[in-house]
Structure formats: C-alpha cells, structure tokens
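This report concerns only the one structure given below.
Coordinate-derived values only; no laboratory data. Computed from a predicted model, the values in this text were never measured in an experiment. Methodologically, a virtual Cβ is constructed for each residue, glycine included, from the backbone with ideal geometry; neighbour enumeration extends over all protein chains shown.
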Amino acid sequence: MAEKPDHNDLSAARKRLAEQQAELLNALLAGGAAPAGFDEQRVEVERRALLAKRRGIVRMLGPEVANELGDRFRQLFDVYAPANPRRAGSRAREDAAAFAEWLRAAGELPEKRKPRWKFWSSH
C-alpha cells in the first residue's frame with residue numbers, strides 16, 4: 001500500500017510549482033529570463049506570439065488610437081506591454097484604455113478630447 005504524502009511535502013511542492021509558474025509567466029509576459037529547464041528560443045517564440053496577440057486585441061478595441069499612432073503603434077505597444085503586464089482578472093478593454101493613458105502620459109497622444117454633443121443625446 002502506498003504511503004500518504006506528508007502535508008508539508010505537498011505544501012512545499014505546491015509552493016515550488018507556483019514559483020515556477022510565476023517565473024514562466026514573467027518570461028512570457030514581462031520580458032524576464034527563461035526559467036531553468038526551458039528552451040530560451042521556444043520561450044522567445046511564444047513571448048512574441050503572445051505579444052502580437054495582445055497587440056492585435058488592443059488595436060481592435062482601440063482603432064482610433066492605432067490610427068492616430070500609425071506606424072508608431074507597434075513600436076510603442078511593444079515598449080508598453082512588458083513594463084505593464086495584464087493583471088489577473090483584468091479585461092482586454094481595461095488593457096486598451098491603460099495603453100491609451102500611458103501614451104497620453106508619455107506625450108504620444110493628445111489629452112482626451114471632450115466628447116461632442118450629439119443631437120440624439122437625451123441631455
């Protein structure tokens with residue numbers, strides 16, 4: 001009959017796994033080094049793929065920002081993203097809005113314009 005694992009052993013294993021997962025996420029999403037035992041080239045390929053996916057979603061959700069930046073959109077987003085990884089539970093729209101605010105703070109976008117009054121508004 002197999003021995004029951006010690007509770008302390010399981011807790012330590014879970015802690016190590018959580019640390020390894022955090023290290024991998026840091027490498028993939030925030031530009032950190034590849035964790036021990038991982039192929040650096042493969043991690044870099046996946047990092048670029050995830051960055052491109054995130055960039056595409058932000059472009060889709062904020063086409064006016066992307067249009068205003070033109071060719072600078074990709075370069076600026078690629079600077080922004082590793083320094084501002086998405087938080088657990090955050091939404092893509094929040095990410096797009098945070099990118100626009102980051103651009104405004106950096107002087108890359110003008111301050112928010114006051115919305116125009118629309119004749120169909122109920123105000």
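Filter region 78-94 for residues that are within 21 Å of ALA105 (Cβ to Cβ) and either loosely packed, with under 13 Cβ neighbours inside 10 Å or without any contact (Cβ under 8 Å) to a residue 24 or more places away in the chain (or both) and give the result.
Within region 78-94, the subset within 21 Å of ALA105 (Cβ to Cβ) is 78-87, 90-94.
Correct list: VAL79, TYR80, ALA83, ASN84, ARG87, SER90, ARG91, ARG93, GLU94.
Which of the following residues is touching a residue at least 24 places away in the same chain (Cβ under 8 Å) and within 30 Å of GLU101 (Cα to Cα): LEU50, LEU24, LEU28, LEU69? If you could, list the steps in order and put the result at the bottom.
Details: LEU50 fails: touching a residue at least 24 places away in the same chain (Cβ under 8 Å); LEU24 fails: touching a residue at least 24 places away in the same chain (Cβ under 8 Å); LEU28 fails: touching a residue at least 24 places away in the same chain (Cβ under 8 Å).
After ruling out the rest, the residue left standing is LEU69.
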